[in-house]
Amino acid sequence: MSTTEDSTSSPASNESPVNGIPLLPLRDVVVYPQIVQPLFVGRPKSIKALEAAMATDKKVLLVAQKNAADDDPGTADLYQIGTIATILQLIRLPDGTVKVLVEGLDRAKIKSVSYGEDFAAAQATVLNPEEPDEKEADALVRSLLAQFDHYVQLSKKIPPEVMSSISSIDEAGRQVDTIASHMSLQLAEKQNLLELAGLTARIEHLMALIESEIDLFAVEKRIRG
């Protein structure tokens with residue numbers, strides 16, 4: 001078994017270590033904490049990683065790979081921030097692939113990866129950022145929700161009922177990540193939002209992205225006119 005180490009320093013006090021968690025590279029997908037998402041898995045090592053997780057605590061580290069065409073990504077081919085998730089359901093399909101339903105739990109940073117014959121396992125740390133003042137967070141989230149509502153009205157891709165669903169969520173971080181999961185963004189932008197662990201920074205960046213998308217809608221409308 002070979003091991004690739006990360007050169008970063010030891011975990012800070014607000015980080016929790018996770019040892020030997022099965023690693024699942026993802027193509028063109030970023031899964032956020034608190035989000036339930038189906039995944040289709042076909043690579044033998046990825047299936048083995050899921051089987052290992054199912055045999056223990058059903059926890060797996062989901063990490064997006066930088067190049068979707070890479071069939072056997074190494075540590076350098078993966079983003080270093082991913083999401084620890086729990087497997088809710090695993091279904092084996094007739095063609096040999098697996099459909100798995102996962103629920104994101106926490107953001108986590110890879111510290112090292114051990115490559116076995118069957119699958120890769122990671123040493124990682126859970127990222128637990130300090131949260132902003134509750135009143136400040138409430139004000140930021142209200143502004144974000146109003147802006148996202150405008151985006152939903154202009155977009156033809158998001159069902160209107162998504163807004164009511166998001167508004168009913170009572171945890172600010174989950175609201176923000178849910179909005180991010182519904183945005184039509186490039187992989188690099190989705191990954192960037194995952195890496196912004198601090199709530200304030202994530203809201204501000206997401207609002208800038210939504211504003212840019214709204215401006216784009218306005219330009220497209222003028223062109224059609």
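Measure nothing fancy, just the Cα-based angle from helix 172-182's long axis to the longest principal axis of the chain, in degrees from 0 to 90, nearest 10.
Tilt of helix 172-182: around 90 degrees.
Relative to the first principal axis of the alpha-carbon coordinates of the chain, what is the inclination of helix 44-55, with its axis defined by its Cα atoms, in degrees from 0 to 90 and to the nearest 10?
90 degrees
Leaving out ligands, DNA and RNA but keeping every protein chain, what accessible area does Arg92 have, in Å² rounded to the nearest 10, with a 1.4 Å probe?
Approximately 150 Å² for this residue.
For the chain, with every protein chain kept in place, what is the accessible area per residue (1.4 Å probe, Å²)?
Details: 11820 Å² over 225 residues.
Per residue, the chain has an accessible area of 53 Å².
With the full set of protein chains in place, find how many percent of the accessible area of the stretch 27-123 is carbon and sulfur; take the probe as 1.4 Å.
Numbers: 2260 of 4380 Å².
Ligands and nucleic acids excluded, carbon and sulfur give 52 percent.
For the chain, give the magnitude of the charge dipole about the Cα centre (Cβ charges: +1 Lys/Arg, -1 Asp/Glu; no others), in debye to the nearest 20. Let's see the in-between values first.
Values: 22 positive and 33 negative charges, 146 e Å.
So the dipole magnitude of the chain works out to roughly 700 debye.
Under a 1.4 angstrom probe, counting protein chains only, how are Arg174, Arg142 ranked by accessible area, largest first?
Arg142, Arg174
Taking a 25 Å limit on the Cα-Cα distance, which of the listed pairs Lys111/Lys190; Lys157/Lys221; Lys58/Lys99; Lys66/Lys156; Lys45/Lys111 fall beyond it?
With Cα atoms farther than 25 Å apart: Lys66/Lys156.
Helix-derived [θ] at 222 nm for the chain: sum -39500 (n - 2.57) over DSSP H runs of at least 4, divide by residue count, nearest 500?
On the way: 6 runs with 86 residues, N = 225.
Counting only the DSSP helices, I get -12500 deg cm²/dmol.
How much accessible surface area, in Å² rounded to 10, belongs to the heavy atoms of Met207 with a 1.4 Å probe?
Spelled out: Met207, probe radius 1.4 Å, area about 50 Å².
Could you work out which residue, out of Ala53, Ala146, Ala137, moves most in a Gaussian network model of the chain, that is, has the largest mean-square fluctuation with Cα springs under 10 Å?
Among Ala53, Ala146, Ala137, the largest GNM mean-square fluctuation belongs to Ala146.
Shape verdict for the stretch 148-203, please, from the Cα gyration tensor: rounded (a/c under 1.5), prolate (a/b greater than b/c) or oblate.
On the way: a/c = 2.46, a/b = 1.26, b/c = 1.95.
Note, shape of the stretch 148-203 comes out oblate.
Using only Cα atoms, tell me the angle between helix 199-224 and the longest principal axis of the chain; keep it within 0 to 90° and round to the nearest 10.
Once rounded, one gets 60 degrees.
Just to be sure I understand the model, the point goes 7 Å from the Cα along the line to the Cβ. What's the resulting Ser114 to Lys48 distance in nm?
1.4 nm
If you count the DSSP beta bridges with both ends in the chain, what percent of them are antiparallel, to the nearest 5? Working shown, then result.
Details: 39 of 43 bridges.
That works out to approximately 90 percent antiparallel.
The values are calculated or read from the model by the stated rules, or taken from the named source; none is laboratory data. The structure presented is a predicted model; accordingly, all values stated were derived computationally and were not measured. So basically every Cβ, Gly included, is an ideal-geometry build from the backbone, and we count neighbours across all protein chains shown. Quick note on the areas: whole protein, heavy atoms, side chains included, nothing else; ligands and nucleic acids left out. Shrake-Rupley method; radii C 1.70, N 1.55, O 1.52, S 1.80 Å.
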